1. Six or more apart or on different chains, Cβ atoms under 6 Å: show the pairs whose first residue is in the range 5-23 and under 9 Å from residue 141 (Cβ atoms) and whose second is among the polar types (S, T, N, Q) and part of a loop (DSSP other than H, G, I, E, B).
2. Going through the range 160-182 one residue at a time, which ones are surrounded by 11 or more Cβ atoms within 10 Å (Cβ to Cβ) and among the charged types (D, E, K, R)?
3. So which residues in the range 105-126 are more than 30 Å from residue 65 (Cβ to Cβ) and either within 17 Å of the chain's Cα centre (by Cα) or not in a strand (DSSP E or B) (or both), if there are any at all?
4. Residue pairs, Cβ under 9 Å, 6 or more apart or interchain, first in the range 40-67 and under 19 Å from residue 27 (Cα atoms) and buried (at least 17 other Cβ atoms within 10 Å of the Cβ), second at pLDDT 95 or above and among the acidic types (Asp, Glu). List them.
5. Taking the range 147-159, which residues are part of a strand (DSSP E or B) and surrounded by 12 or more Cβ atoms within 10 Å (Cβ to Cβ)?
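The values are calculated or read from the model by the stated rules, or taken from the named source; none is laboratory data. Since the structure is predicted, the reported quantities are computational estimates derived from the model, not experimental observations. In this analysis, Cβ positions are derived from the backbone assuming ideal geometry, glycine residues included, and neighbour counts consider all displayed protein chains.
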Amino acid sequence: MSAATDLVPTGLNQAENEQQTLGAATATSNITGIDNALLGGLTGGAPITDLAAVDTTATAMGNSGAINSDVAINYDSVQVFGGVDVALAAPLLGDIADLSIPGAVTASSSAIGILNASVDSQAIGVGNSLSVDLETTSDQDAFAIGNNEQTALATITSTSLVDVVSFGGFADLGTLDNPAVNSAATAIGNNFSVSVDGIN
């Protein structure tokens, strides 16, 4: 005994994504000299609500794509990030000059000289990024079929610097929900994510 079930999707999202970027992508965010001096001085026991917040974020990306749908998805994606193809610049030399110079993705974030403020510094560098998100209320549409090709020929660098952060006049810094100082640097060549959410 056997049984066959046919899918009857209510729609179809067909997408094609082609991205090619050559060269350099750079992002810089710098914050210097934030002074949140308290009226009560350094020993006043100020409430934590008087603490300021400093956020600095630098994001550099070669290629970025996003495909969202509430019905079935069929997609084809190609992302290429790199530098310069020397063979294109010197075609008379033929294949012997078929050399590629890497591209560059650079993200730099810094916060220096901060008084009485929490600090969150983030630097993110990505060569290629693609996200596919299918969220449907029909189990007949909860499928995605696709092809993804990502090529990154690049030097990818992320730097996050936090320095000279000081606090004075607070009695309850330990009650903060988040770290008083957070610094993170992320460098990724290729990033790809797929999310399919239907009726469970």
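1. 7/140; 9/140; 10/138
2. Quick first cut of the range 160-182, residues surrounded by 11 or more Cβ atoms within 10 Å (Cβ to Cβ) only: 160-165, 167-173, 176, 180-182.
Those that are surrounded by 11 or more Cβ atoms within 10 Å (Cβ to Cβ) and among the charged types (D, E, K, R): 163, 172.
3. Of everything in the range 105-126, just one residue is more than 30 Å from residue 65 (Cβ to Cβ) and either within 17 Å of the chain's Cα centre (by Cα) or not in a strand (DSSP E or B) (or both), namely 116.
4. So the pair list comes out as 54/120; 56/120.
5. Step one: of the range 147-159, the residues part of a strand (DSSP E or B) are 147-152, 154-159.
Once the filter is applied, which keeps residues that are part of a strand (DSSP E or B) and surrounded by 12 or more Cβ atoms within 10 Å (Cβ to Cβ), the range 147-159 yields 148, 149, 150, 151, 152, 154, 155, 156, 157, 158, 159.
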